[in-house]
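This report concerns only the one structure given below.
The values are calculated or read from the model by the stated rules, or taken from the named source; none is laboratory data. Computed from a prediction, not measured in an experiment: that's the story for all the values here. Virtual Cβ from ideal backbone geometry, glycine too; neighbours counted across all protein chains shown. Ligands, DNA and RNA are excluded from the accessible area calculation, which covers all protein heavy atoms including side chains. Shrake-Rupley method; radii C 1.70, N 1.55, O 1.52, S 1.80 Å.
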Amino acid sequence: KKSPSFKTVLGTLGFNWTNQIQGGGARFLYSLKPAKRPDTSAHAQILPLLARYSERLAHVQERDVDVCPKGKCPEDGWDESTLELFLHELAIMDSNNFLGNCGVGEREGRVASALVARRHYRFIHGIGRSGDISAVQPKAAGSSLLNKITNSLVLDIIKLAGVHTVTNCFVVPMATGMSLTLCFLTLRHKRPKAKYIIWPRIDQKSCFKSMITAGFEPVVIENVLEGDELRTDLKAVEAKVQELGPDYVLCVHSTTSCFAPRVPDRLEELAVICANYGIPHIVNNAYGVQSSKCMHLIQQGARVGRIDAFVQSLDKNFMVPVGGAIIAGFNDSFIQEISKMYPGRASASPTLDVLITLLSLGSNGYKKLLKERK
């Protein structure tokens, strides 16, 4: 939407402003045409400025084309003005931002405060549909595209960080604990007899409560002291699987990063145990994307055994506000099942935050941060 004042200014300079929708609303084309009798002096003065503006629009659209089909994070980060123009282009594809729109009903994205609308870049509809958080919402083409692009960029970054064979992921507007719960609830339908989750101990409440909230009984496996480190007791894990019976174990719930003196679980060996007994394996990778060691463990575990899904925090790994996580895995259909388990639509705020961050940093900027951390 262009303000009337902007059109008025152009009119006084002898130009008519028009816009056209191309590709079913996927792109707005802006054109400036001289009026029949322009003021010659004003016309001459404004032409160079319009030429620069046209070049700017063309530059942004080239970047749009580069990001959207490839689904990869740009190598170099975008400046803020380019980012804002890109976000506004997406936002005008949502029905609540159509010219002449009259919102009727709860799905029309009505917002009372202009400040709230600006805070969210006018992405009011959220993401997903009632049956799937990853589904396309017909009335919110821009928000849906925002969601798809973000998931693609995040997948690219996960591969860049070391898990090269990951096949699918999605951003969920819940922190790590509730995202783990969503994974456990999805497994419930696949393993109806299961009552227990085997969990090598970590003294952190969120991951413990995630199992209880899902309705399962955590079976805590104490760690063993090796030198000055607390390590996974693999013999105790396997013995407990045999004692309870594989059919009654929902999954093994392992952890990559934690607080000293505990070190990451032996993911490769746990993945082999899970594969041998046909038990799912969910990994709490809350801090792990920023750690090459943690990502290597996940990649190796998937290579030699079984890892069904791994969950990481957005704020810990992408420096955005608290309230989002990424659920990723190596089986595309299982990750889709998890996304369909989420009830209702969802907030787009965590998705928008991580998209802005990744486009601002670019893959080179993120790699630089990983190198500095290491």
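For region 170-203 versus region 115-158, the inter-centroid distance based on Cα atoms is 24 Å. For the pair D247 and K190 in one chain, pulling the backbone fully straight at 0.36 nm per residue adds 19.5 nm over the alpha carbon distance. Computed on region 224-371, with alpha-carbon pairs under 8 angstrom and 6+ residues apart, the relative contact order is 17 percent.
Solvent-accessible area assigned to carbon and sulfur over region 164-345 amounts to 53 percent, based on a 1.4 Å probe.
Per residue, the accessible area of region 164-345 comes to 42 Å², computed with a 1.4 Å probe over protein heavy atoms only.
Computed from backbone phi, the HN-Hα couplings of region 218-235 come to x, 9, 7, 9, 5, 7, 10, 8, 10, x, 10, 10, 9, 10, 5, 8, 5, 5 Hz, rounded to whole numbers (Karplus: 6.51 cos²θ - 1.76 cosθ + 1.60, θ = phi - 60°; Gly and Pro given as x).
Under the simplified labelling scheme, the V224-I212 pair shows an inter-label distance of 2.9 nm, with each label point 7 Å from Cα along Cα→Cβ.
Say the cut-off is 21 Å between C-alpha atoms; which of K159/K371; K72/K190; K235/K374; K293/K368; K159/K374 go over it?
Violating the 21 Å limit, Cα to Cα: K72/K190; K235/K374.
Computed extension length for K293-A112: 60.4 nm, one decimal, from 0.36 nm per residue of separation with the Cα-Cα distance subtracted.
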